[in-house]
Every structure is written in structure tokens, then in C-alpha cells.
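Encoded as C-alpha cells, the structure appears first; notes follow it.
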Amino acid sequence: MDDSIHSEHIALDHAHRLEADTSLTSPDSYHPAVSRFDFLQRLFRHAVIVSLCAPMMAPAPTAAAQDEHATQSASTAPQPVLMDAMATELHRALAELGSSTEPVTASKQKIPAQKPYFLSYSVADAESVTITSQYGAIMNSSASHERTADVQVRLGSPAEDNTHGTHRASALTTMALPLTDDRAAIERTLWYATNRGYGKALDALEKVKTEQQVRAREEDSSPDFTAERPQVDILAKEPALTVDRSAWESRLREISGIFRQYPNIFYDTAVLQATHETDYFVSSEGTKVEAPNHVARLIVAARTRASDGMDMFRDETFEADSAGHLPDQAEVLAKTEAMAKGLNDLRTAPITEPYNGPAILSGRAAAVFFHEVLGHRLEGQRQRGDEEGETFTKLLGKAILPEFLSVADDPTLTQYDGHPLSGHYLFDDEGQPAQRVQLVQDGVLDTFLMSRLPIASFANSNGHGSAEIGKMPTGRQGNLIVTSTKAVPEAKLRQMLKDAARKQGKTYGLYFEDISSGFAVTTRRSPQAFQVIPLVVYRVYVDGRPDELVRGVSIVGTPQAALRSIVATDDQPEIFNGLCGAESGTIPVSAVAPAMLVSQIETQRQAQGTARPPIVPPPPLDDAAGTSSSPKGGR
Amino acid sequence: MQFRVLVLLPVLSSFALAQAPPPADPILSAMQQELAREKSDLVIPGMLRPYFLEYRLEDIHTYDAIASYGALTRETESHQRVVRVEVRIGSQTSDSSSARGDGSLELAPADGDPAALKYALWSATDDAYKNALRAYATKQAALKNFQSAPTANDFTTAKAVTLIEPLATLTIDRDDWKHRLIEASGLFETSPETRSFADAVHYSSASISALVVNRYTVNTDGTALRHGYSGYTEGVNVGGQAQDGMELGRSNGSVATTAAGLESSAALNKRVVDDLISFNQLRHAPIVDPEDYHGPVLFSGDASADVFNRLFVPNVEADRPDIGTSARTQGVYQSSFKTPILPTFLSVVDDPTLRSFEGHSLLGAYKVDDEGVPVEPVDIVVHGKLMNYLVGRQPVKDFPESNGHGRAALGQSAHSRAGVVIIKSSDPLSTEAMRARLLALAKEQGRDVYMVETLSGELAPRVLYRVSPDGKRTLVRGAVFDELDQRAIRSGILAAGGKPYIAQQVAPVPQTTIAPELLFGDITVKRANEEQQKLPYYPPPPLPQE
């Protein structure tokens, strides 16, 4: 075989070398054309903080953050080509799959063919822009467009299918779809993914059946899938994303340029992320949903290190429905300056000592606290399964909070008191309509956050089945709203703190202004502890001395004890908007809560870091090369 | 990205450090300023100062697009910069470096802001110094466990070199290429030659991948380098299964230093159709004999290049041996210095000064390596004997000086890496003569023999023919080779010749291997006996009507 003489050739008859095509050869990875430069990915992950449920300040948007799409009536827009292709191919798959008898690979006998009892196609068509800045310069500015399909195949029956127990992921196959509405190409890609998914599901179903025969009886023998009514709602898709990148690059340079004035802050970043996404969902039950969603986030973060090696960080997130609605530059600069100054002060704050006494959590801190300590433990799937701790499973109908507190989760809300809420959606990732759910009423536990995985106490979804692309949905939070009927003005709450401290013979109470999420440990094998990371803590002295900033505080305790010790709240709810990571991936969430007085909180000293601060001061800013100390930016 | 003015100063400077001329590039200037400041100020009181510091900035621009089944599925472009800082503590005899290499990475400003660039360098330098102090202490303690000293120093000296080459820029007609990919990936159903078996094509994609790197390097030897390289790769990937479930496919393409140098649209389409037809032929081809074959196999230049890239090249790139051993280097040739490792009629040279070959621009060409050492041709094998290893600034026993092969993958430390490897025969046969030799052997031995066109990963044959003594070729599938190893290339090659084949790769470092056809006397061909996958559970969607 003679090669062409036009140019250099390499016969790349190595399937693995054409890395560009991992989307087809390994469809389970939803990142085709995986970057060759793993080290760059790692650096970017450090640069762009994907905060695990980190608390963020709620901005005051300059314009009302209305979601017009939510008010549009159902089925007014025509069915798009993409949805049509999804529906056609889905029904063809259902008709053809399992229509002939085939032996399953492991056993030698022919068994009756398995028709899927459920099949769904979920496609996320997303455009996004990300601009990253550090120390007054732009590190990266990029745009992307991706269409990704999650194919879900269930074999067996709702009572027992291939997702049972540890095989949940067997139902899901993820693949990149054509970016254009080329019907034939879309259908063929969906066929390829569905075929793979069917094979995985067959294999898992056989394992499930064998395991069920061999194991001890399960505590919760609920079915594997709920019965729900189909939904049809075709809303207009997201318009194309437009972001004035050069204007934003200027703004970000100015924002991160603030840190040039703080030589002790050795890491900073300011990132803009804007996304327009349209989600399409088609299922064998007849559900057909098209829903838009759009968000813009501006995240500023910084780190410093005390001379004893303790690392400290702060971050702020501003969120709006679009980049154009984010706060103006003056406001962002002011908040960034405050954050930088606060972080700088923290460097030299005295270290705390172990403490057991009363404390106030600010509204923002309380919101994070409730998200971690309560919210995660009320996810439906955590009430079932051999590995789950099931803290609250048997407490339905019992008081788990003081009776003046109630907790709802409401993804239908787009905003709270004029501020956008990150956890808003119209339909969850299983095509179920979002619902407001009253989790706790007057302190009593009423229900859980349900996906289509039923549990002993609840047989239906309540629209909280969420997941990141490439993961199977599980029950997740949306917008967690904590309300109180024992609300007092902030000044009164402060006084109550001092009174409680005095009564307990303490010279001060603690005030947690800002905390970050640690991780919620909910599994059976680990002790039921939780860790949130206090970022900004003050001693509030009983004798009227000014509040004193301290560092190195770490909260310890068990969830139920912590919740039961809440004594009162203030009357000013605060919002945190953030990204929350768990088994079904990273999703946007929010939590709203007033400040809370707890009678008993136990803290210990944070583990000592061992790294030194930087040895040499940072490079001088004004020198012969003409580097400027203030980079260009602003309006 | 702005064009810099062409400033080509191929200066092999013999100036001492302080007299190195200032480079004409503002990024290099900024890097040198921070380097000077750190060199003077960086020390923890009471601890060792670094004896060597190196800063490297990589400006990486990529463009990738893939089309599948006749539609575009992905298009991404990224442009980012990263700095890498290397700090060495101790001395050249024994320092803090590990075999893998040690460096600290930081993102660097994409917009060239000098203050932010210096800040990134400062941050990475702080990390690198602290890591080096730790590593030095650990290593000195570890060395005390062993009886004999290491067989070579940890680092060599090098003269200061200043070489500022033109910047490389990513130039490609994106729209044109997207159309090509879309068309090519859809040919399985639109081309009359392939439509009849389109249902059997499970995947059909075409992709383009462009990588342009500009590297800026300064170090405390006084070296200042600016070097850019480009690699453009396009390819197709088609395949499916035979009726018995065996997975089959063809995937190949072209590589060039410019987008214009890749194959034409017509050639790409022809490649796809040829690959599809080949895939279909493989589907219908018989499986290779169930009993093993041991005998002559003729390897095409393409296949031979793969063999050398896998079995030979990595083993002549000298790497630091494991700590505590008396080995010279890693790999199977570590103690083969001046001994035969190939037949006497074969010689191998690595010549990165060769910039083109038969009209093709060679990716592996360069003037100065990534450690600042200029390169000249190296005779690796002379008449079958191993005479030189490829060495960077990490010396090995008997090779105390770098021969200009210290080359770094992106974000990585420099290691000994080949540039342009050329395998030549002192007695080359023509293509026809090679065939004739093969047939002569078949006749002599009274049996069918084999020839292989192209391999897949792991040196398994992808397009393999059984050849009868009368010259009749039969395509067979499902085979693997065995005993294709260093012994086979040392004493099993009977002849070499034919048209040299140019194998090029862009990553991890740009590299070229030029290999002739090779006739092996005794290779094993046997059935792969892999688990067969299920055929699709249901047919693909019906093709759209013409």
C-alpha cells in the first residue's frame, strides 16, 4: 500500500493514540477530547474554587432578577429537532430492544430477552464563558459549547432493577452529542450510547439478582423506582450566551489587582463564569420537558498564611441570572477590599483556645451549618442502604429542632427578598417538576428530599432528584429555607449571647461571622461527626470590651446535639449561594437562614499547618521594567 | 497574540554568566529580573542556598475539533501559560533532584503582564525551594543506606546559550477544517463505495488537533532561550465488529508542522473511504490459523517504525538508574555499551539538525535542547553496536556530558529524549527485492509466510496478510505477535530496505523516527483469543434516504 506523498504521514493505527475520540471509544466519560495536559487541569482546579457548599455573600442585583421563562405557559414553543430526534430514537430503541432471545454473557442458558421497562434521554446543551484572573492579570479566557446526553436504562421491574444497591451507576451512559441539529447523527449517537447502556444494565441486573439471593434481608426493601405521572412542558430554549469578554477582563484585572497592595496574601483569584443551558428530557413514560437555565457567578478568593504556618482563606461569590446583572464594579471592589483587609488582619489575630459555651452563628454561617448538618442528612437516599448512617430515618414525626424553627426546600423560588437563589430549577434531573417541600414544621421532621428512589416512608419523588451530568440523580437540596418564630433584633441576640456566657461563667461568647463547609460524614462506618470550617470568628466579651478577632477555630460535635441547642434567632435572614458536591456530583444550591444563638458549641484548635509563609517578599511592583502597581481595569 | 520581530541569534555563547547579552524579548527580561532577585535573596537562614535555578514559561495554544457520523460534536480552543521553576540544592555531584525531575508549576498571565508573571515565578520559586530542601535532606539520608556511590553525578555543567527563535503561531482555517471533518465522518453513509455496509460501521469520526508551544527559558548558567514548535494532527477513526463479535477498526491520519502541510481534503476523504473498505475487508477476513506460526514476517516501514519506537528508542534514552544500584541507566540496554544490539548492516543516528526529509518537515528537529545544550548528530548504533546513549544534563556512567537530548514534555522536567531517529541499512534492498526475499523464504520453507502493513497499540498487527509461496496475499484478522522483542531486532532481522517511512508524533515531545521495511526471520504469529463482545442488541437507525 503506497502512501500519499503530499505530506508527512503517520499511520496512527493505534486507537488509543487518537485521543480526540475518547467520546466514542469510552462513552462513559463525558469529557471527550480529554485534555492532554493533566497538570494544567490540576492548576485550574486550584485557581477556580469549586466550593464544596461554601458560603457566599448574596449580592443586591442592580435589576430585578426575574426569570421570565418560568412564567411562560407550557407547550407554547414547537418541539425542536433535537427533542424530536431524541423521542424518535428512544421509541425505536424500546421497540427493538429485547425483541429476540439472546443468551446473557455469563450464563450458558438462553433466558427470555429483557425489554427495558424504563428508558430516558437527558441532554444538556450548554454554552459557557469562563474568565480567570490573578494578581491583576488574565490567566485564561475561554468559551465553550457542549451537548451531552445521559442515557438511563432500567431492566427488570420497578420492584427490583439493575440499579439496586451498589449498582446504581449501571443505568447511566453518558456521551457527547452533535452540536448541530443533524437528526441522523444525533440518532446514531444515541443508539450507540443506548446499546452500551443496555449491555451494562443486563450485566448489572444479573449481579443484582444473584446478590439478592445470597445476602441477608435488607432493612428497607422498598422498590428501586417510583411511579410518577409523565410531564410535558416545552419552554423556549436559552438564547445564545453573549458576554462582553473584554469588558469583563478589564473588570477582573482591577478586582484581582487589589491584592497587589497586600504582600502577605500569597494567592488570589477572581473568576467569572457565565452559563446558558437548555435541558431536554424524554422518557419512555411519555415525559417531554425542555427547560432553560442561566446563571452568572463572580467568585473572588484569597489565601494567606500566618507566621506559625496556619493557612487561612476567604472567598466571596456574587451571583445573578446573567453577567449583565452582577453587581457593579464599585460594589465588587469594595467587598474585595474588605475581604483582603479582613484576611490580612486574620494573619495576626491571636489563636483561639478550646471552648465550650454559647455562640452566635451569623445568618450566612447558620445557612451553611443547616445545609451541612441537616440538609444532607435529609436526602432521601441516605435513609436507605447498608452504608448509610440514617441519622434521621426513624425520627419522622419527631422533634429534631426546637419548635420555633421550620425548614423548607423550595427550588421553585428564583429569588429571596430580591436576591437570586442558586438552587432554582423548574424540572429536576429526572424530569419531575420542582416542588416546595416542608421538611421540618415547628421542629418536627415531616419529610425527606426525594428523588425517584423510594424509601420505606415515602413512595414518590418530590422533585428533588438532582445530579451533575454523567451521574445518576439522587435526592439533593435546592433552596433550603430556614424560618423562625422566635426572631429578635440582632442587638438583642447579641445581648442574649453575653447573658448566656455570663451565666455559664465565661468571659466571652463566640460569634461565627463566616464559615465554609467541611464535609458532612453521613456513612455508617464513621462516627456521626461533622466539620465545618470557621473562617471569621470573634470573641464577644461579656464586659463590653470590643469584639476580638481570633483564628484557628474548629467546631466539633454531633449533628443532633448541635441542632437541639439553638435557643433563638435574629430577624435578618441571609443567603448563601454556592456549589455543592456529593455522590451525584456538583450542583448549584442555596440556603437561607437568620443568625442563631446556640447555647452550647464545642470548639477545638485547628490542626497546625507546617508550611512557612513565603521566604522572600513578592517582587517589587514599580521597577525599571515599568510594571505598574495598578493594572488597567474598571468601567 | 502579537507577532514578535524575527530575532534569530544562533549564539553559542562562551561568555561567562555576567556577560550574557540581554535578550530582545520582554518576557525573557522579566523572567531574568526575577531570577536575579531570587538568586540573590532566596535562602532560609542557616539552610543551603540553591546552586541552580531555572525558569521556564510555556505558552500553550491548542485547537481541537471532532466530528462524528457527519456532524460536529466538539470544538475547543485554549490558550494558557504556565511557569515551571526548578531549584537545585547541593552540588552537581549530588543534589536534591529526583530521577523523575522536580519542578513547581503555576499558572502564568496569558496577557503578558510582567508584574503578574514575576509574581507567579516568585510563588513557584518559594514552593520549589522548600521542596528541594526537603528532598535534599531525604536523599542524603537515603544514600547513606548504600555501600557504593552512585555511578554518575546528578547534573552536568553547560555553557550559557542565547537563542531567540521566531514565535510560533497557531494558524488554521477552522471553518474549512470543520467542514472537512463533518464531510469525512459522514462518508460511511454518503459514499457509494461504502454505503452498502454502512450499518456495520458502529463509529465513524474525524478529528483535528493543533498544538503550538512557545517556550521561554532562563537559568542561572546565563542561558536565555525562546523556542516555538507546532504540531498539527488529523485523523479518522472508523470501526465496528465482525459477525462473531470481534472488534475491528482502522484509525490513522497525518501529522505536520503546519495545517497547510496536512493532507488535502480529497486525500482525507480518500483515506476515510479506504479505511472503511479496509474495515469491511477485515470483517470478512478469516481469523488467523489456530495453531501458532513461527517464521518470516515482512514489516512495512510503518510497522517497523512502531517496533523501533517501542523496543529501541526508549532504551537508548539514558535515564538516571535506581538509587543504590550500580547500573548505568534504566532499560534493557543499560549494560550493552559497545555490544551488538542490531544486525551489523543496520546503523542508527539521531540527527535533530535534519529539518526535512524527502520534502517533509520533521517535527523532531531542533537546534538547542530544553536545557540549553546545542545538539549535533549522535551515532547511536554503528554497524549494529551500541556506541552512544542519548543524554541530557543528567549524566550516566561513561557519559559525563550532555549530547543535547535533554527535552521536556509540557510541564515536565527535561529527560533524555530522541529527536530525529534514522535507521539505515548499509545494504538496502528495493521494495521489490524485499518481497522477493520473503517469497523465496516461503518457497524454501514450503509454507505460507506473513507480511504486516500496520500495527495497533501494543505492537499487535492490524492489517496482516498471509502470503503463499506464489505470492497470493490473504488478509487475516484476530492475530497477535509474540517474541517480537530486543532479541528479534538484534539477531532476527534478515534484510532492510524499501521506501523509508516517516513516523512523527507531537507529544509528549515532538519526535520523528524514519525506518525502512524490515524482514524478520522468526516471529510468532498467533490467535489473540480475546473475549468476543456482544454484537449490538439492536440495529442502528436506518440511514437517511439519498
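The values are calculated or read from the model by the stated rules, or taken from the named source; none is laboratory data. Predicted model only: the values in this text are computed from it and were never measured. Cβ placement follows ideal geometry from the backbone for every residue including glycine, while neighbour counts extend to all protein chains displayed.
Kindly indicate whether residue B:240 is surrounded by 19 or more Cβ atoms within 10 Å (Cβ to Cβ) and either acidic (Asp, Glu) or in a strand (DSSP E or B) (or both).
It is true that residue B:240 is surrounded by 19 or more Cβ atoms within 10 Å (Cβ to Cβ) and either acidic (Asp, Glu) or in a strand (DSSP E or B) (or both).
Could you please tell me which pairs satisfy a Cβ distance under 7 Å, a separation of 6+ or placement on different chains, a first residue in the stretch B:245-274 that is facing another protein chain (nearest Cβ under 8 Å), and a second residue that is among the β-branched types (Val, Ile, Thr) and surrounded by fewer than 23 Cβ atoms within 10 Å (Cβ to Cβ)?
B:255/B:506
If residue B:427 meets every condition in (1) under 30 Å from residue B:472 (Cβ atoms); (2) not in a loop (DSSP other than H, G, I, E, B) apart from one, which number is that one?
Of everything listed in (1) under 30 Å from residue B:472 (Cβ atoms); (2) not in a loop (DSSP other than H, G, I, E, B), residue B:427 misses just condition (2).
With respect to residue B:235, determine if the residue is surrounded by fewer than 19 Cβ atoms within 10 Å (Cβ to Cβ), facing chain A (nearest Cβ under 9 Å) and in contact with a strand residue (DSSP E or B) (Cβ under 8 Å, 6 or more places away or on another chain).
no
Kindly evaluate residue A:453 against the criterion of being in contact (Cβ under 8 Å) with a residue 60 or more places away in the chain, in contact with a Phe, Trp or Tyr (Cβ under 9 Å, 6 or more places away or on another chain), over 30 Å from residue A:325 (Cα atoms) and part of a loop (DSSP other than H, G, I, E, B).
yes
Please state which one of B:307, B:316, B:273, B:297 is in contact with a helix residue (DSSP H, G or I) (Cβ under 9 Å, 6 or more places away or on another chain), modelled with pLDDT of 95 or more, among the β-branched types (Val, Ile, Thr) and within 30 Å of residue B:401 (Cα to Cα).
B:307
Output the residues belonging to the stretch A:530-554 that are under 27 Å from the mean Cα position of the chain (by Cα) and small (Gly, Ala, Ser).
Selection gives A:552, A:554.
Looking for whichever is outside any loop (DSSP other than H, G, I, E, B), touching a residue at least 60 places away in the same chain (Cβ under 8 Å), in contact with a strand residue (DSSP E or B) (Cβ under 6 Å, 6 or more places away or on another chain) and closer than 27 Å to residue B:227 by Cα here; the options are B:181, B:167, B:163. Which one fits?
After ruling out the rest, the residue left standing is B:163.
Can you tell me how many residues within the stretch B:87-105 are surrounded by 20 or more Cβ atoms within 10 Å (Cβ to Cβ), more than 7 Å from every other protein chain (Cβ to nearest Cβ) and over 13 Å from residue B:155 (Cα atoms)?
Of the residues in the stretch B:87-105, 2 are surrounded by 20 or more Cβ atoms within 10 Å (Cβ to Cβ), more than 7 Å from every other protein chain (Cβ to nearest Cβ) and over 13 Å from residue B:155 (Cα atoms).
Restricting the search to the stretch B:453-473, which residues are away from chain A (no Cβ under 14 Å) and either within 30 Å of residue B:355 (Cα to Cα) or part of a loop (DSSP other than H, G, I, E, B) (or both)?
B:468, B:469, B:470, B:471, B:472
Search the stretch B:490-507 for residues being touching a helix residue (DSSP H, G or I) at 6+ places or on another chain (Cβ under 6 Å) and more than 14 Å from chain A (Cβ to nearest Cβ), and hand back the single one that is farthest from residue B:210 (Cα to Cα).
Of everything passing the filter in the stretch B:490-507, B:495 is farthest from residue B:210 (Cα to Cα).
Among the residues of the stretch B:247-278, count how many are surrounded by fewer than 17 Cβ atoms within 10 Å (Cβ to Cβ) and touching a Lys or Arg at 6+ places or on another chain (Cβ under 8 Å).
Number satisfying all stated conditions: 1.
Scanning for something crowded, with 21+ Cβ neighbours inside 10 Å, modelled with pLDDT of 95 or more and hydroxyl-bearing (Ser, Thr, Tyr), does the stretch B:353-363 turn up at least one residue?
Scanning the stretch B:353-363 turns up no residue that is crowded, with 21+ Cβ neighbours inside 10 Å, modelled with pLDDT of 95 or more and hydroxyl-bearing (Ser, Thr, Tyr).
Please work out which residue is farthest from residue B:523 (Cα to Cα), limiting yourself to the stretch B:474-506 and to residues that are among the charged types (D, E, K, R) and not in a strand (DSSP E or B). Even if it seems obvious, please write down each step before you answer.
Step one: list which residues in the stretch B:474-506 are among the charged types (D, E, K, R), which gives B:477, B:482-483, B:485, B:487, B:490, B:499.
Still in the list and also not in a strand (DSSP E or B): B:483, B:485, B:487, B:490.
Details: B:483: 6, B:485: 9, B:487: 11, B:490: 13 Å.
So, considering only residues that are among the charged types (D, E, K, R) and not in a strand (DSSP E or B), the one farthest from residue B:523 (Cα to Cα) is B:490.
Filter the stretch B:184-228 for residues that are polar (S, T, N, Q) and in a loop (DSSP other than H, G, I, E, B); which is farthest from the other protein chains (Cβ to nearest Cβ)?
B:223
Quick check on residue B:128: is it facing chain A (nearest Cβ under 9 Å) and at pLDDT 95 or above?
no
Which residues, counting only those in the stretch B:354-413, are outside any loop (DSSP other than H, G, I, E, B) and under 16 Å from the mean Cα position of the chain (by Cα)?
Those that are outside any loop (DSSP other than H, G, I, E, B) and under 16 Å from the mean Cα position of the chain (by Cα): B:361, B:390, B:406, B:407, B:408.
Sort out which residues of the stretch B:106-125 are at the interface with chain A (Cβ under 7 Å from one of its Cβ atoms) and touching a residue at least 60 places away in the same chain (Cβ under 8 Å), and write them in order of number.
Those that are at the interface with chain A (Cβ under 7 Å from one of its Cβ atoms) and touching a residue at least 60 places away in the same chain (Cβ under 8 Å): B:114, B:118, B:122.
Those residues that are surrounded by fewer than 23 Cβ atoms within 10 Å (Cβ to Cβ) and acidic (Asp, Glu), I need them from the stretch A:299-320; list them, please.
A:308, A:311, A:315, A:316
With respect to the numbered conditions (1) in contact with an Asp or Glu (Cβ under 9 Å, 6 or more places away or on another chain); (2) surrounded by fewer than 20 Cβ atoms within 10 Å (Cβ to Cβ); (3) closer than 30 Å to residue A:617 by Cα; (4) not acidic (Asp, Glu), which one is the sole condition not fulfilled by residue B:138?
Evaluating residue B:138 over (1) in contact with an Asp or Glu (Cβ under 9 Å, 6 or more places away or on another chain); (2) surrounded by fewer than 20 Cβ atoms within 10 Å (Cβ to Cβ); (3) closer than 30 Å to residue A:617 by Cα; (4) not acidic (Asp, Glu) leaves (1) as the failure.
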